Amino acid sequence: MIETIYRAVEKLKAVGGDKATIGLILGSGLGDYAETLDNKRFVNYSDIEGYPVSEVHGHKNRFVVGEKYGKTVIAMQGRFHYYEGYPQSVLSLGVRTMKLLGVQNLLVTNAAGGVNLGYKPGTLMLISDHINLSGGNPLIGKNYDEFGVRFPDQSNVYDKKLRAELKELATKNGIELEEGVYLMMSGPCYETPAEIRMARIIGADAVGMSTVPETMCAAHCGIKVVGISLITNMAAGVLDQPLSHTEVNETAAIAAERFAALVDLILKDLF
Ligand code: HPA
């Protein structure tokens, strides 16, 4: 596992990835943002021995290194998921690769179902905290002390100061941004209406199948995290209609411009 990370670091260094201070993980239907980076260089996951490749439609499976606002950014265009069958420790590879390249701030994004009844498809939610009901944890197994301690603190995984600054920036720039708790379930089934009622009772505002493992790994190794969920659908049972990945991708496409404006703001004025 460590060898795989070092292999990725070498490949990315060769295209200037070691200049990157900002990391970007782009969720379902949101990967196109990486195309807006200047002077793009690509490293396919399939060219890194030992790296997994996501089979989920809408994920491009590559690192993109590029510049924006005079800063070097390394983006994962497509991420791996627990439901694809990987142990969660595998989901740490990307973040740990970024850490060794020098990344200090990470933006994690995802498509999520709206649990909070005040939300609607298209709502952008700043993640204030998470609840891990995935059944796994990426830090189970050997602890690599070079990345962090065995029993990491989780009281501020979505950096409080950056959240406060971002809310102010969003307001100033006329971007509507809710703030709420993201609940991770394993997937790949969408949740049942009963599970969503439970999610609401225990304090979740959005539900999804990603982000939490990467965030835990980033917090473990001292990378500051900002998390953004795009609510692509109301969660199961809220509306009298079935959920589908097609709906998720369609809403993501419609909201792409607003999402990009928010990410631009984060890269330009926050990170
Ligand atoms: N549940 C879980 N994951 C999701 C959803 C959902 O409703 N929408 C997008 N990703």
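Looking only at the range 162-206, residues that are in contact with a Phe, Trp or Tyr (Cβ under 8 Å, 6 or more places away or on another chain), farther than 30 Å from Asp269 by Cα and of a type in the set (Gly, Ala, Ser) come to 2 in all. The residue that is modelled with the lowest pLDDT, counting only those in the range 229-263 that are among the β-branched types (Val, Ile, Thr) and not in a loop (DSSP other than H, G, I, E, B), is Val248.
In this entry, Ile266 is excluded by the filter for residues that are within 16 Å of the ligand (Cβ to nearest atom), of a type outside the set (Lys, Arg) and within 16 Å of the chain's Cα centre (by Cα). Given the criteria surrounded by 12 or more Cβ atoms within 10 Å (Cβ to Cβ), under 20 Å from Gly23 (Cα atoms) and among the acidic types (Asp, Glu), does Asp129 qualify? Spelling it out, Asp129 is indeed surrounded by 12 or more Cβ atoms within 10 Å (Cβ to Cβ), under 20 Å from Gly23 (Cα atoms) and among the acidic types (Asp, Glu).
Counting only strands (runs of 3 or more DSSP E) that fall entirely inside the range 12-121 and contain at least 1 residues that are touching a helix residue (DSSP H, G or I) at 6+ places or on another chain (Cβ under 9 Å), surrounded by fewer than 24 Cβ atoms within 10 Å (Cβ to Cβ) and touching a residue at least 40 places away in the same chain (Cβ under 8 Å), the qualifying elements are 22-26, 62-68, 71-77, 105-114. Within the range 222-240, being within 12 Å of the ligand (Cβ to nearest atom), open to solvent by 20 Å² or more (accessible area, probe 1.4 Å) and touching a strand residue (DSSP E or B) at 6+ places or on another chain (Cβ under 9 Å) holds for Val238, Leu239.
Taken over the range 102-135, the residue count meeting the criterion of being at negative phi and over 17 Å from the mean Cα position of the chain (by Cα) is 7.
Quick check: anything in the range 201-219 within 16 Å of the ligand (Cβ to nearest atom), more than 19 Å from the chain's Cα centre (by Cα) and acidic (Asp, Glu)? Taking every residue of the range 201-219 in turn, none turns out to be within 16 Å of the ligand (Cβ to nearest atom), more than 19 Å from the chain's Cα centre (by Cα) and acidic (Asp, Glu).
A Cβ distance below 9 Å, combined with a sequence gap of six or more or placement on separate chains, defines the contacts here; from the range 150-162, residues that are without any contact (Cβ under 8 Å) to a residue 24 or more places away in the chain reach residues that are charged (D, E, K, R) in the pairs Lys161/Lys224. Candidates in the range 180-196 are the residues that are in a loop (DSSP other than H, G, I, E, B) and open to solvent by less than 50 Å² (accessible area, probe 1.4 Å); of these, the one that is farthest from the ligand (Cβ to nearest atom) is Ser186.
Could you please let me know if Leu162 is at pLDDT 95 or above, open to solvent by less than 20 Å² (accessible area, probe 1.4 Å) and within 16 Å of the ligand (Cβ to nearest atom)? No: the conditions fail for Leu162.
Can you go through Ala219, Ala199 and tell me which one is open to solvent by 20 Å² or more (accessible area, probe 1.4 Å), under 27 Å from Pro87 (Cβ atoms) and part of a helix (DSSP H, G or I)?
Exactly one of Ala219, Ala199 is open to solvent by 20 Å² or more (accessible area, probe 1.4 Å), under 27 Å from Pro87 (Cβ atoms) and part of a helix (DSSP H, G or I), namely Ala219.
Reported count of residues in the range 227-262, each being of a type in the set (Val, Ile, Thr) and within 17 Å of the chain's Cα centre (by Cα), is 4.
The values are calculated or read from the model by the stated rules, or taken from the named source; none is laboratory data. Because the structure is a prediction, the values reported are computed rather than measured. Please note: Cβ atoms are built from the backbone with ideal geometry, for glycine as well, and neighbour counts cover all protein chains shown. The protein model used for the area step is the full one, side chains on, heavy atoms only, and it has no ligands, DNA or RNA in it. Shrake-Rupley method; radii C 1.70, N 1.55, O 1.52, S 1.80 Å.
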